[in-house]
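Encoded as structure tokens, the structure appears first; notes follow it.
The values are calculated or read from the model by the stated rules, or taken from the named source; none is laboratory data. The model shown is predicted, which means the values in this text are computed figures rather than measured ones. With ideal geometry, Cβ positions are generated from the backbone for all residues, glycine too; neighbour counts draw on all protein chains shown.
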Amino acid sequence: MMTKHVAVLMGGWVAERPVSLSSGKDCADALEAAGYQITRVDVDRNISAVLQELKPDVAFNALHGPFGEDGAIQGILEVLDIPYTHSGVMSSALAMHKEKAKAVMKAAGVPVANAMVVSRADAARRHVMEPPYVIKPINEGSSFGVLIVKEGQEYPPQELTRDDWDFGELLMVERYIPGRELTCAVMGDVALGVLEIVPLGHAYYDYDAKYVPGGSQHILPAEILPSVYQEIQESSLRAHQALGCRGVTRADFRFDEGPGGLGELICLEVNTQPGMTPTSLLPEIAAHAGHDFQELVSWIVEDASCGR
């Protein structure tokens, strides 16, 4: 068989560029070791012309954030008829839009928190929801722009009034869910293990807790009741399928144990482009299920297609 030529798309121009470069490098290195012909592509706005010249057999999408996981690059790849990894145009756009994704997941029976979409001006002027609550940009990843309003806090976060605010004018305000941070990966049509994230020195699983070594402790498998573990796996797969996702995804949850460990479980979001860095969760969960990193990225390449 001829060796597949894989263009690993990484970088981009958004806030998550450093994470994408790290993900892309590790994926490219592993694919090269697995025997694929690799071209590393630092994506800019000329990507369509670059891909037309390269003519790869597969585009491995290691981009994160807007353009990379919101259906935009997926649309370009569809037009160019280049098979690509992860989810397709519609599911990527849907999963990235937190409000719309929440509505679809709720209709599919996945537990989600009450939320509303408001303007940045409204969120800065008054409490639009009784504290505690969380403010999130509609379509960012890696916890960029996330603000937590604590119980008893007199005023909304003043960060919202800054001239250099760069996370959009529409924000989602969501009821704050206390408790444990849990995540579950889906690979194809199989829900893998459930991992607990314990941020170290951080109020929640923010950017530094995600990507700085030592920023968090990972417990795999999560030490929760078997019934809750199974419920998270079932909800992760249900959300993956309801959103129309393909390839690998990762669903994030909060679990407020309550008496006896059977409290409230809430799905926060589904990530269609999970990080693939040395501190990322998906590779760790996959390894626990018996898929080492080289096998994981090779599976992702072989799963690539158009019309996803």
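Numbers at a glance
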{"read-out": "Conditions (1) out of contact with any helix residue (DSSP H, G or I) (no Cβ under 6 Å at 6 or more places or on another chain); (2) surrounded by fewer than 23 Cβ atoms within 10 Å (Cβ to Cβ); (3) closer than 21 Å to Gly11 by Cα; number of the one not met by Val43", "value": "(2)"}
{"read-out": "Some residue of region 157-175 being in contact with a Phe, Trp or Tyr (Cβ under 9 Å, 6 or more places away or on another chain), among the hydrophobic types (A, V, I, L, M, F, W, C) and in a strand (DSSP E or B)", "value": "yes"}
{"read-out": "Cross-chain or 6+ apart pairs with Cβ under 7 Å, region 245-256 first and at pLDDT 95 or above, then assigned to a loop (DSSP other than H, G, I, E, B) and basic (Lys, Arg)", "value": "Arg246/Arg308"}
{"read-out": "Selection count where residues are part of a helix (DSSP H, G or I) and surrounded by 24 or more Cβ atoms within 10 Å (Cβ to Cβ), scope region 236-261", "value": "3"}
{"read-out": "Criterion violated by Ala121 - all others in (1) modelled with pLDDT of 95 or more; (2) part of a helix (DSSP H, G or I); (3) surrounded by fewer than 22 Cβ atoms within 10 Å (Cβ to Cβ) satisfied", "value": "(1)"}
{"read-out": "Lone unmet requirement of (1) in contact with a helix residue (DSSP H, G or I) (Cβ under 9 Å, 6 or more places away or on another chain); (2) free of Cβ contacts under 8 Å to residues at least 40 places away in the same chain for Ala115", "value": "(2)"}
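Rundown of residues vs (1) within 21 Å of the chain's Cα centre (by Cα); (2) aliphatic (A, V, I, L, M); (3) on the phi > 0 side of the Ramachandran plot, yes/no style:
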| site | (1), (2), (3) |
| --- | --- |
| Ile219 | yes, yes, no |
| Val228 | no, yes, no |
| Ser236 | yes, no, no |
| Gln241 | yes, no, no |
| Asp256 | no, no, no |
| Leu268 | yes, yes, no |
